[in-house]
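Taking it in order: structure first as structure tokens, then the write-up.
The values are calculated or read from the model by the stated rules, or taken from the named source; none is laboratory data. These figures come from a predicted structure and were not determined experimentally. Every residue, glycine among them, receives a Cβ derived from its backbone with ideal geometry; neighbour counts consider all protein chains shown. What goes into the accessible areas is simple: the full protein's heavy atoms, side chains included, and nothing from ligands, DNA or RNA. Shrake-Rupley method; radii C 1.70, N 1.55, O 1.52, S 1.80 Å.
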Amino acid sequence: MHPGRPTPPPKPKRFIPNRDLRDSGISVSDEPTGGATATSAGGSPAPVPVGGVRQLAIRFESIGLYSSAPLLKVDTTNSLKKSSSIASIATNSRKQFGSKPVIPPKPQWSQKHQSYRAHALEVRANAIAEQIYDTVYESTDDEEAPEEANPEPYYTQVPSGSSDRSTDDRPVSNESDVSGDRIAKVIDELIEKERRYVDTLEQGIKNYVPTMYSQTLPAALRGQRAIIFINLEEIMRTHRDHLLPDLERAADSTTLANGQSEGRVVEKIAQTFLEYIENERFYCYVQFAMHHAESEAVRLRYSDYFLKVQHDLNDRLGLNSLLLQPIQRLPRYKLLMNEMVKDMLKEVDGKRTLNRRTALLCKLDKRLSNLIDRVNQAINIRDIHQCSGSAPTRSFSHTLDTPLTLILQPEGNRNPNRDTPINLLYQGRFLRLFLLDIYDVNVRRKYSGKLFAFEKLLIYVEILRDRMEYRGHYANTEVCYTEEGTNRIVLFAAAQGTQEIIVQSETHTEMQPLLTLLQQMTRSGIYDSVSGYEPQEATYQQVLEYEEDEEPYEDLEDQQQEVWDEQRMTVALIDAQEQFLEVLEANQSFYLDTLSFELKQKLAGFLKTFEAIKNLHKEILQDISGTPHGPNTICRCFERYLMSDVLVPYMDYLREFRKAVKYIQHCQTPSNFHNRVASTVEKFTFLCIEHLQEFNRFFETLIVKYSDDSTLNLPIDTELFQRLAFVQVRLNAYRSDLVLNYNLFLLDDRLPACGLVFYNDRAMLAGPIRDADAGPCRMFVCERAAVCVKLHDIPEHGQPVERFVRVLFLDRFAGRGALMKARRSKRRPERVNFLIDGMKFRIDFSDRQTMGKFFQNYIDKYTKM
């Protein structure tokens, strides 16, 4: 550590909920799953190839976040000295971490889930940014290494896991030939694995399907062929009769002999896969995932019989392994495509470049990721409590098979006619799953829910601790909707007030594709009776792939396309800033301009800080819309904000907003048509804090985009990447501090006088005066007092989330001349006793170290009074 370098600012603890729901086991990651981890000869995990910047995240994956509280005050000297080390760390990062890092095995969960895409984006961006932040600003090197005269390009060739593929000792003149040989090997491997996959499915069907008609078959299994094997034969025919011949034609050796390059073959293969994905020829995998849980349950129930059949057939694979093959197939295609990208990026001059064919492979990678996500989402349909598979039947006929069904049994609808069973297999293709907040008008409550979208049906369910409960559905012939703002949609059946719900989300990643889907469903419902009408495939493709945010593929340089995408994101951020200023004006007119003269006198401090917030955001708009505008310009602006006192008006605003909540009692309700006005005073005062999340999302999206490009070894601006990580971590910490103080001050109008939070930690209140006060609490050390707040842990997505209930006690600092009301316990080292107004409060921390840290901060603030 540099002797003159100050300690970096602590990062706040982040709570990331773990949504423990099951999926099909398909992962879009290039890393092997825990069940299929490659091992070396010694039994240890084999090195997994990764991209340049991703090595930073892997290296520091085990670094924990600091446990100290978020700080509202900005340390300018600290940040300036840290930013000076970015360039040297970027040059030496690859040397420090090595070219073959070992990825630790991932924890295995009993149930997996298809995560909410917007939430996943935020969690992933935060993780990447924090790891890069740790790398750049918490390096333990004693001295910075001197820069080399001729440093290597940052994006060097990534080894594929075997030593014979290393190109470090080979002449530059032969690199093009070596790269061509590798591409040819990957193509051969793809074709060979495809043949083996077809042979495995064909042989498995030949071995096990006839046993469903044998005389020794248990009576309960008769007619269950479709339930056990699902559509395995359809998958086999798709690959044997269509995909494999198409791939063999694309990789025809005679074509190569006539002078066609391997790059052209890769392009043909990529176009083949894109055609299959876009034309829904891989939808058979979605159908397989929808029924896989039922098949697995039947096979588990009769495992002894199937093991006996396996032994009689002398089959090493087994039925369970056979039916696992389709689940593992799509991720393997993704891995092979990534191998092609790595080899295509190696040029004669030894540097990474990007051309039209590699851009096509990147597009295919995104399409495959979306398809894998869709398969993962499909398996969650069976988790609906009212959803069941094919009805079990006992038949003594060897020819009668129970057909595949997926029955939804609605219940609890006010209209009994809506409780008719629905076969989901007749509702068109499953499109995607939306994770939303739903306000159900019928039951008058809000809950976290999921919306399952089929071409002809929408199903909304409530997420409970261990299951999902059906709450309602809409057919495409009856669904209607109205928009209320950008992230809020009202759904109802035929007439408003009938089966009405309000769905909302924080980001466009869920609402925009839902809106597109609703537009298509209502259109198809109108013309459903017209013969020959079919839904527009292009529109449904937008629903499936909205997150990609890309235009149709064209023969353009990919770097120009990338710059265009970043410019579009920048323009969207500028538009959002302009709209936010209009929202502030509309809310000011509704809540503040109509106040009486007496109230304006009482709220003079709040009105002044509100004007300061408006002027601040006008300045931000002017800065980010300057020429040239782009991610680099915006990043520099926020670096300056975080290293100076530009954001100080937010701290003044925190001290004054509670008066506005107390005194502004508006007798009117904002019109539904005037969606720019917040519905309550609390929401109005929270607007300016909430808007900081828009900037945070902008940086998160860029970080994830650059990280994905780095994984594919595409060229990125590494210095900008690290600066984005720095800004995102600091901005996210600053916003978290604001939210924490806002929620605390909103709890009690005495708390703003205590000052801003300096430190906080979770504890337990033992032996209280009232039994209702016992249990978890959070201790806050503020500028002028210590505050104890009762907590209530509310389960959300399988994880507890803290909610402030009430203030248990308030210890105002009297200064050095008075005795402290806090004392360390002599009997229990982790306890602090507070004597407040003759009552004793026993606060137990998790351990002695946590107690010591809290008590030291308490003393520091007490003695400064």
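Which of the residues that make up region 637-659 are surrounded by 15 or more Cβ atoms within 10 Å (Cβ to Cβ) and free of Cβ contacts under 8 Å to residues at least 24 places away in the same chain?
C637, Y641
List pairs: first in region 409-438 and under 12 Å from G472 (Cβ atoms), second among the hydroxyl-bearing types (S, T, Y) and open to solvent by less than 20 Å² (accessible area, probe 1.4 Å), Cβ under 7 Å, 6+ apart or cross-chain?
Between residues of region 409-438 that are under 12 Å from G472 (Cβ atoms) and residues that are among the hydroxyl-bearing types (S, T, Y) and open to solvent by less than 20 Å² (accessible area, probe 1.4 Å), the close pairs are P410/Y470; E411/Y470; I438/Y447; I438/Y460.
Test R828 against the criterion of being open to solvent by 40 Å² or more (accessible area, probe 1.4 Å), modelled with pLDDT under 95 and assigned to a strand (DSSP E or B), and give yes or no.
No; evaluated as a whole, the condition is false for this residue.
Considering only residues that are touching a residue at least 40 places away in the same chain (Cβ under 8 Å) and not in a loop (DSSP other than H, G, I, E, B), which ones fall in region 487-510?
R488, I501, I502, V503, Q504, T509, E510
If I filter region 694-718 down to residues being out of contact with any helix residue (DSSP H, G or I) (no Cβ under 6 Å at 6 or more places or on another chain), assigned to a helix (DSSP H, G or I) and open to solvent by 10 Å² or more (accessible area, probe 1.4 Å), which single residue comes out as nearest to C777 (Cα to Cα)?
Step by step, filter region 694-718, then rank; the result is R697.
Taking only region 423-444 into account, find how many residues are assigned to a strand (DSSP E or B) and under 26 Å from the mean Cα position of the chain (by Cα).
Qualifying residue count for the region: 11.
State whether one or more residues within region 417-425 are at pLDDT below 85 and either on the phi < 0 side of the Ramachandran plot or out of contact with any Asp or Glu (no Cβ under 7 Å at 6 or more places or on another chain) (or both).
Looking for residues that are at pLDDT below 85 and either on the phi < 0 side of the Ramachandran plot or out of contact with any Asp or Glu (no Cβ under 7 Å at 6 or more places or on another chain) (or both), one finds at least one in region 417-425, hence yes.
Please name all residue pairs, on different chains or six or more residues apart, with Cβ atoms under 8 Å, provided the first residue is in region 185-197 and is in contact (Cβ under 8 Å) with a residue 24 or more places away in the chain and the second residue is open to solvent by 80 Å² or more (accessible area, probe 1.4 Å) and among the basic types (K, R).
Close Cβ pairs satisfying both conditions: K193/R332.
For region 771-800, give me each residue that is crowded, with 17+ Cβ neighbours inside 10 Å, in a strand (DSSP E or B) and not charged (D, E, K, R).
Within region 771-800, C777, M779, F780, V781, C782, A785, A786, V787, C788, V789, L791 meet the criteria.
Take the residues in region 474-485 that are loosely packed, with under 15 Cβ neighbours inside 10 Å and part of a strand (DSSP E or B); name whichever of them is farthest from the chain's Cα centre (by Cα).
T482
Please go through region 589-610 and pick out each residue that is of a type outside the set (A, V, I, L, M) and closer than 20 Å to M651 by Cα.
K602, G605, F606, K608, T609, F610
If you check R264, R316, which single one turns out to be in a loop (DSSP other than H, G, I, E, B) and either of a type in the set (G, A, S) or open to solvent by 60 Å² or more (accessible area, probe 1.4 Å) (or both)?
Unique residue meeting the criteria: R316.
If you scan region 197-219, which residues turn out to be aliphatic (A, V, I, L, M) and surrounded by 14 or more Cβ atoms within 10 Å (Cβ to Cβ)?
If the condition is that a residue be aliphatic (A, V, I, L, M) and surrounded by 14 or more Cβ atoms within 10 Å (Cβ to Cβ), then V198, L201, I205, V209, M212, L217 are the ones that fit.
Confirm whether A257 is of a type in the set (A, V, I, L, M), open to solvent by less than 30 Å² (accessible area, probe 1.4 Å) and either at pLDDT 90 or above or more than 21 Å from Q203 (Cα to Cα) (or both).
In short, no.
Out of curiosity, is Q310 buried (at least 18 other Cβ atoms within 10 Å of the Cβ), closer than 29 Å to L431 by Cα and modelled with pLDDT of 90 or more?
The answer is no for Q310.
Which count do you get for residues in region 566-593 that are touching a residue at least 60 places away in the same chain (Cβ under 8 Å) and either open to solvent by 70 Å² or more (accessible area, probe 1.4 Å) or among the charged types (D, E, K, R) (or both)?
Selection size over region 566-593: 3.
A quick yes/no check of all residues on (1) among the small types (G, A, S); (2) under 30 Å from M468 (Cβ atoms); (3) assigned to a loop (DSSP other than H, G, I, E, B); (4) under 33 Å from the mean Cα position of the chain (by Cα):
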{"residue": "I769", "(1), (2), (3), (4)": "no, no, yes, no"}
{"residue": "E802", "(1), (2), (3), (4)": "no, yes, no, yes"}
{"residue": "D811", "(1), (2), (3), (4)": "no, no, no, no"}
{"residue": "R823", "(1), (2), (3), (4)": "no, no, no, no"}
{"residue": "I843", "(1), (2), (3), (4)": "no, no, no, no"}
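Among the listed residues R467, R471, R488, identify the single one that is open to solvent by 30 Å² or more (accessible area, probe 1.4 Å) and in contact with a His (Cβ under 6 Å, 6 or more places away or on another chain).
Criteria check complete, one pass: R467.
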